[in-house]
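One structure is given below, encoded as structure tokens.
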Amino acid sequence: MTRVLAIAIDAPLRRLFDYLPPPRVDLAQLRPGIRLWVPFGRRRVVGVLVETRANSDLPASRLKAAHGVIDAEPILDPGLLDLLRWSAEYYRHAPGEVIAAALPAPLRAGAGAHETEQRWRLSSVARGGSLAALPVRATRLREFIAFLEPREVVTAEELARLSPRWREPLRELEKRGWVTRLSQDVTARAAPSRPCLRAAGPEPTAEQRAAVAAIEAAHGRFAPFLLHGVTGSGKTEVYLRAIQAVVARGEQALVLVPEIALTPQLVSRFEARFEAPLAVLHSALTEQERLRAWRATRSGTAQVVIGTRSAIFAPLARPGLIVVDEEHDASYKQQEGFRYSARDLALVRAQRLAVPVVLGSATPSLESLHRVRSGRGTMLELPNRAAGAQPPHLRLVDLRKHAETQGIATPTLLAMHRHLAAGGQVLLFLNRRGYAPSLFCPSCGWVAPCPRCDARLTVHQRERALQCHHCGAREAVPETCPVCGEAVKPVGQGTERIEETLSRLFPDQPLARIDRDAVRRRGSLEAALDRIQRGEVRILVGTQMLTKGHHFPEVSLVVVLNADQGLFGTDFRAAERLAQTIVQVAGRAGRAERPGEVLIQTQFPEHPLLAQLVAGGYEAFAEAALEERREAQWPPFARVAVLRAEAANKEAPLRFLDRARELALSLAPAAVEVLGPAAAPMERRAGHYRAQLLVHAASHVPLQRLFARWLPGIEALPQARQVRWSLDVDPLELF
Ligand code: ADP
Ligand code: ZN
Ligand code: ZN
């Protein structure tokens with residue numbers, strides 16, 4: 001009986017595609033996880049076999065046969081393939097695109113799963129002397145024969161040394177039967193090297209030792225850990241020691257990090273510690289580099305695999321441990337296309353692999369804190385800073401009470417002078433790049449608007465441009481108000497303006513600005529960080545970019561210039577994000593022997609969030625925030641998903657969402673609440689109007705039950721063709 005092949009194809013459709021096996025193929029070879037060439041429309045594409053079935057929903061006459069098999073062995077092992085299928089189901093995304101997310105581009109285009117090396121040798125017929133001699137005039141060919149004759153095999157490298165233009169003559173010799181080509185699998189040949197330690201690392205503290213022992217005791221079974229320790233408490237040191245034990249057993253450790261910018265620092269720290277081979281997987285690699293790292297991971301040659309979000313799908317040969325560093329970081333959630341959370345999938349994957357998983361953070365997400373509190377994980381605490389450094393002291397600066405110079409209040413200025421005089425570095429944080437957030441006409445009240453968004457344009461002084469930070473629109477700065485002709489002026493503060501103000505106030509103190517505009521050139525971030533490390537820079541100004549992972553041991557004063565942007569956010573996660581940012585920025589202060597001071601400038605010093613943070617730290621804040629979430633029944637005490645729609649036509653998204661809502665209500669079990677639709681707070685972006693519908697339930701089971709019937713219904717709606725829509729399961733942002 002012919003089997004039907006259910007194949008995943010990299011296309012935005014929530015289904016698999018049925019094919020007949022290729023002609024004359026050994027059916028035993030058709031194992032899930034292999035790739036095949038298949039006809040798709042008019043193209044010939046690579047598909048991944050997901051399963052074989054007894055029959056298809058399609059009539060046999062409409063089934064096409066696959067062209068041929070690419071892999072002898074599955075390139076996705078059953079466990080990984082299953083995780084990918086589960087993810088496609090959970091996030092309701094096209095399975096072909098989900099599987100594509102796990103494969104480097106060359107593999108999606110049919111490249112070999114193994115790294116092969118080509119070698120050449122004189123053919124046995126040639127050696128047997130049964131070939132007619134080459135013409136005397138063929139000196140080039142004779143030269144190659146003479147080179148090959150005394151050698152067993154030769155590599156491309158050796159041939160290139162003989163002559164840079166070797167391929168043509170060799171092809172000719174191959175055609176005439178003089179030369180045989182051999183392909184050899186290089187990855188399989190490289191046996192896993194014996195791990196050894198390059199450097200011992202510092203003597204662990206008692207807390208570090210306890211944490212490492214707990215992780216080690218869980219080896220071989222699923223156990224989620226939350227490693228909570230202030231910045232500088234030695235979390236990375238715990239990862240290194242836990243990984244050391246994993247590597248010593250001959251297993252692999254997967255380490256997820258949030259940003260590419262963090263990888264070089266972490267990678268060099270790992271390299272300094274281990275002799276064990278490392279693979280690094282992130283989006284800034286070339287496709288060939290990514291493929292090489294993927295192959296080294298799959299063959300097991302790489303024992304430590306470090307990567308950003310998509311590395312959660314790395315093909316581990318002998319998994320032993322998963323680590324998610326800075327687990328609260330928003331970059332673990334993909335915000336477009338396949339909207340998965342690598343942090344959440346790390347838990348799912350660790351459970352399926354039966355390995356421990358360590359989520360580490362100085363500011364754990366409320367989800368992870370709740371998990372531990374409800375007994376589904378173990379908390380590992382590092383309450384003190386390693387190497388005896390003191391925790392920083394937080395203080396609020398009331399912007400209503402104190403005079404300010406372009407956003408810098410008098411007490412802040414005094415503190416800066418004090419710390420600079422004592423030889424410390426000062427870091428100022430402002431999450432707003434550019435010169436000023438708006439351009440304003442004092443005579444008529446005009447504010448420069450983005451023509452394509454419901455947003456204001458940001459003034460970029462150095463480039464003499466107005467820029468939209470939502471859609472990228474750019475305009476020249478007008479000389480005068482386009483409405484009344486009077487003079488216009490920039491209002492508010494951006495990092496560029498703070499830099500200007502500081503260089504006026506502190507003319508003798510070398511300054512560095514770090515934000516997306518200042519470090520656009522490749523290598524300029526590294527150069528700036530170097531100058532900071534060497535102490536050449538005394539004042540640092542920057543955005544979020546400054547807050548992540550970098551070590552600034554000489555910084556003794558940190559200033560949060562404006563905490564208020566996050567205080568009254570529309571999103572239920574706004575407070576959590578603000579608290580995490582403040583604590584992460586504060587963590588840059590006083591990492592070495594200098595005690596740190598942190599000033600938070602605000603118009604609302606009595607705001608409970610700030611008060612809790614200052615009085616009780618992140619723990620006190622998290623306690624109160626979890627209580628609020630429980631009362632309001634927001635995640636982690638409930639599950640939500642957002643159906644978003646956008647279109648150039650203002651009415652289309654709401655029309656579509658109204659229909660989707662009716663559909664949901666007709667299907668929804670009582671356990672699911674449907675809220676909206678509502679226009680996004682910034683309704684128009686890049687010329688598109690946006691709206692969304694929220695579905696809410698106590699757990700994800702009723703939601704998943706709804707999705708199974710709701711999405712096919714939505715796909716069939718005529719209104720769906722007039723909008724661009726997407727479903728975001730466990731969204732990070734509601735809008
Ligand atoms: P985190 O990852 O929590 O920010 P790190 O592991 O980077 O902390 O440690 C912060 C600093 O303290 C690093 O310079 C590290 O080498 C040092 N450190 C960590 N653990 C110890 C220890 N047990 N003894 C001495 N120094 C340590
Ligand atoms: Zn005007
Ligand atoms: Zn815009």
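Just so it is clear, none of the values below were taken in a lab; they were calculated from the coordinates. Please read these numbers as outputs of a predicted model, since none were measured by experiment. Note that each Cβ is placed from the backbone with ideal geometry, even for glycine, and that neighbours are counted across all protein chains shown.
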Whole-Å distance linking the alpha carbon centroid of region 624-661 with that of region 1-80 is 37
If unit charges are put on Cβ atoms (+1 for Lys and Arg, -1 for Asp and Glu) and the dipole of the chain is taken about its Cα centre, the option from ALA217, GLY33, TYR332 lying farthest towards the positive end turns out to be GLY33
Once both label points are put 7 Å beyond Cα along the C-beta direction, the ARG181-SER61 separation in nm becomes 4.4
With PHE429 itself left out, Lys, Arg at +1 and Asp, Glu at -1 over residues whose Cβ is under 11 Å from its Cβ give +1
Around ALA214 (Cβ within 13 Å, Cβ-to-Cβ, excluding ALA214; K/R +1, D/E -1) the net charge comes to 0
Full extension between GLN461 and ALA670 adds, at 0.36 nm per residue less the Cα distance, a length in nm of 69.7 nm
The local net charge around GLU463, scoring Lys/Arg +1 and Asp/Glu -1 for residues other than GLU463 whose Cβ lies under 9 Å from its Cβ, equals +2
Taking R0 as 60 Å and r as the Cβ-Cβ distance between ARG53 and LYS401, the FRET efficiency 1/(1 + (r/R0)^6), rounded to the nearest 0.05, comes to 0.25
Taking a crude spin-label model, label points 7 Å out from Cα along the C-beta direction, the VAL125 to PHE568 distance in nm is 8.7
Per the rule of 0.36 nm per residue minus the C-alpha distance, extending LEU197 to ALA72 adds in nm 41.3 nm
In debye to the nearest 20, the charge dipole size for region 639-735, taken about the Cα centre with +1 at each Lys and Arg Cβ and -1 at each Asp and Glu Cβ, equals 200
Distance in nm between GLU606 and VAL153 label points, each 7 Å along Cα→Cβ, equals 8.1
Farthest towards the positive end of the dipole of region 350-501, among VAL477, ALA436, LEU413 and with Cβ unit charges of +1 on Lys and Arg and -1 on Asp and Glu, lies the Cα of LEU413
Expected unfolding gain across ALA132-GLU475 under the 0.36 nm per residue rule, minus the alpha-carbon gap, is 116.0 nm
If every Lys and Arg gets +1 and every Asp and Glu gets -1 at its Cβ, then about the Cα centre the chain yields a dipole, in debye to the nearest 20, of 2400
Relative contact order of the chain (C-alpha contacts under 8 Å, at least 6 apart) in percent is 10
Taking the dipole of the chain about the Cα centre (Lys, Arg +1; Asp, Glu -1; charges at Cβ), the one of GLN612, VAL426, ALA660 that reaches farthest to the positive side is ALA660
